[in-house]
Amino acid sequence: MMITTTDDLRAACARFAHADFVTVDTEFLRETTFWPKLCVVQIADAEGPVVVDALAPDIDLAPLYALMADETVLKVFHAGRQDIEIFHHLAGLVPAPVFDTQVAAMVLGFGDSISYDQLVQRTAGVTLDKSSRFTDWSRRPLSDEQVEYAIADVTHLRTVYARLSADLAKRGRADWLSEEMEVLTSPATYASEPDDAWRRFRSRVKKPRDLAVLMEVAAWREREAQGRDVPRSRILKDDALLEVATRAPKTVEALGSLRAFPRGYERSRAGQEILEAVALGLARDPAGLPPLERERGVSPMSGATVELLKVLLRMIAEKHGVAAKIIASVEDLERIAGDDDAEVAALKGWRRELFGESALKLKAGTLALALERGRVVALERDPSEDGPLPAPPPRRRRGGGRAPAAAD
C-alpha cells in the first residue's frame with residue numbers, strides 16, 4: 001500500500017498503534033546535504049506493509065512521528081542508527097523502544113555488522129534483490145521495482161526479528177541487547193555539536209597547538225555545513241582542514257599557500273573566518289586542552305599486552321558465539337592495557353563478565369594463553385610460581401580411549 005496523504009497515514013499509524021511491534025526502514029539521500037533528506041518510510045506489522053511517500057505534496061508526517069514516540073509499540077530496525085537520526089533531526093525525538101537486528105545478530109555471533117540481505121538469507125532462507133539499493137529515491141513517481149524493494153526491507157525483517165528475539169531469550173542474552181539499545185535510543189547519540197567535530201580527527205594531530213587549532217577550525221566548518229545544509233566537504237575538505245590545523249596560518253598569504261587549500265578561497269569570507277578560528281586556537285590555554293591520543297594510548301611497553309588482549313578477545317568471542325567488535329574495540333584494548341580502571345564499555349556490564357575480568361587477569365599474570373591442538377585456551381596460573389605453564393588437560397579420543405601420555 002502506497003501512502004501519499006495525511007489521512008491515509010493517520011489511519012495506518014492508528015492500526016500500527018495496536019501492534020506489539022512494527023518493522024521500520026527509511027530511504028533517504030545525503031549526497032548533497034548535511035542533514036539526510038527523507039524520501040520514503042516503509043513500515044510493516046503482522047497485517048502487512050505500507051510505503052509512505054515522505055515527499056508527497058502537503059503530507060504531514062506528524063502521525064508517523066507519534067508512532068515512533070509511542071512506547072507501547074516496539075520499533076524494529078536493521079542498522080537503525082541513520083534511520084533514527086532522521087527522526088531525531090526532523091521531529092526532535094528518538095524512536096523508542098527499539099530493537100536493532102544488526103546489533104542482535106552481533107550479540108548472537110553472526111559476525112561484525114552483518115548486512116540485511118545476508119541476515120535474511122541466514123535466518124529466513126530468502127535471497128533479496130538489492131538492485132534498487134542505490135536508486136534516486138527523490139525522483140517521482142517511484143518505480144514498481146523501488147516499491148517492491150522498499151516492501152522487502154520490512155516484510156522479511158519481521159521473520160528476522162522473531163527468530164533473533166527467540167534466540168536471545170533462549171540463550172539468556174536479552175539483557176545484553178537492552179544495554180546496546182539504551183545507547184541507540186539516547187538523544188546524546190545523535191547530538192551533532194560543532195564543538196565536538198574535532199573528535200573525528202583526534203588521532204591525526206600530535207601537538208597541543210595543532211589540537212587547539214583543529215578544535216576551532218573543525219567547529220567553524222561544522223557550523224557552516226549545518227547552517228547551509230551542505231556536506232562538510234563542500235565547506236572545506238578533510239585534508240585541507242588538517243593542513244590548516246598543523247600549519248596554523250596567520251595571514252591570507254600563508255593560508256593561500258597551503259597545498260590542500262582551494263585556490264582563491266583564502267580571500268573569501270570563509271577564508272577570513274578560518275584565519276579567525278586559527279587565531280582563537282592559538283590563543284587557547286594548552287593546560288585546558290583534552291589529552292592527545294598518544295598521551296592516553298599505547299606505550300611501547302604495552303604493545304605486547306594489546307596483542308595478547310586481541311588474542312584473548314578473539315578466543316572468547318568464538319567460544320561464546322559473539323562478534324568480537326561488540327565486546328571491545330581496539331581502542332578499548334589499548335586503554336585496558338594502560339589502565340585497569342579504564343572508562344570503556346569492555347569493563348562494564350555483561351562485557352566485563354564475559355571478557356573484561358579475563359582481560360584484567362591476563363594483565364595481572366593470573367591468566368595465561370596457550371595452544372591446545374591448534375586452538376587458543378586460557379589457563380589459570382599462579383604468577384609467583386616459576387617454571388613452565390602446566391600442560392592443558394588431556395582430551396579423550398573420539399573412540400573413548402585415552403589420549404597418549406605426554407613424554408617426559
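The table below gives the values:
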read-out: Listing of helices (runs of 4 or more DSSP H) fully contained in region 128-246 that carry 2 or more residues being farther than 29 Å from Val330 by Cα and in the same structural domain as Ser268 (by TED's automatic domain parsing); value: 208-228, 232-235
read-out: Given (1) over 22 Å from Asp112 (Cβ atoms); (2) at pLDDT below 95; (3) touching a strand residue (DSSP E or B) at 6+ places or on another chain (Cβ under 9 Å), index of the condition Leu360 fails; value: (2)
read-out: Failed item in (1) closer than 22 Å to Thr4 by Cα; (2) surrounded by fewer than 19 Cβ atoms within 10 Å (Cβ to Cβ); (3) without any contact (Cβ under 8 Å) to a residue 40 or more places away in the chain, with Ala169 passing the rest; value: (1)
read-out: Val311 being hydrophobic (A, V, I, L, M, F, W, C) and within 30 Å of Arg352 (Cβ to Cβ); value: yes
read-out: Top-ranked residue of region 56-70 - restricted to ones that are over 13 Å from Ala11 (Cα atoms), within 28 Å of the chain's Cα centre (by Cα) and not hydroxyl-bearing (Ser, Thr, Tyr), ranked as surrounded by the most Cβ atoms within 10 Å (Cβ to Cβ); value: Met68
read-out: Glu27 at pLDDT 95 or above, closer than 21 Å to Asp229 by Cβ and buried (at least 20 other Cβ atoms within 10 Å of the Cβ); value: yes
read-out: Conditions (1) farther than 28 Å from Pro36 by Cβ; (2) in a helix (DSSP H, G or I); (3) not small (Gly, Ala, Ser); number of the one not met by Lys250; value: (2)
read-out: Condition check for Val94: closer than 21 Å to Tyr190 by Cβ and in a strand (DSSP E or B); value: no
read-out: Any pair with Cβ under 6 angstrom, 6 or more apart, that starts in region 278-304 at a residue that is over 16 Å from Arg335 (Cβ atoms) and at pLDDT 90 or above and ends at one that is surrounded by 14 or more Cβ atoms within 10 Å (Cβ to Cβ) and among the charged types (D, E, K, R); value: Leu280/Glu216; Gly281/Glu216
read-out: Residues within region 263-283 that are part of a loop (DSSP other than H, G, I, E, B) and under 32 Å from the mean Cα position of the chain (by Cα), tallied; value: 0
read-out: Gly80 being of a type in the set (Gly, Ala, Ser), buried (at least 21 other Cβ atoms within 10 Å of the Cβ), under 22 Å from the mean Cα position of the chain (by Cα) and outside the structural domain of Arg223 (by TED's automatic domain parsing); value: yes
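Table: residues versus (1) touching a Leu at 6+ places or on another chain (Cβ under 9 Å); (2) farther than 24 Å from Ala96 by Cβ; (3) assigned to a loop (DSSP other than H, G, I, E, B).
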site: Asp7; (1), (2), (3): no, yes, no
site: Thr32; (1), (2), (3): no, yes, yes
site: Trp35; (1), (2), (3): yes, no, yes
site: Ile43; (1), (2), (3): yes, no, no
site: Pro49; (1), (2), (3): no, no, no
site: Leu55; (1), (2), (3): yes, yes, yes
site: Asp58; (1), (2), (3): no, yes, yes
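One line per residue, one yes/no per condition, for (1) out of contact with any strand residue (DSSP E or B) (no Cβ under 6 Å at 6 or more places or on another chain); (2) touching a residue at least 60 places away in the same chain (Cβ under 8 Å); (3) among the polar types (S, T, N, Q); (4) surrounded by fewer than 12 Cβ atoms within 10 Å (Cβ to Cβ):
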{"position": "Ala124", "(1), (2), (3), (4)": "yes, no, no, no"}
{"position": "Asp129", "(1), (2), (3), (4)": "yes, no, no, yes"}
{"position": "Tyr149", "(1), (2), (3), (4)": "yes, no, no, no"}
{"position": "Tyr161", "(1), (2), (3), (4)": "no, yes, no, no"}
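The values are calculated or read from the model by the stated rules, or taken from the named source; none is laboratory data. Computed from a predicted model, the values in this text were never measured in an experiment. Positions of Cβ are backbone-derived with ideal geometry, glycine not excepted, and every protein chain shown enters the neighbour counts.
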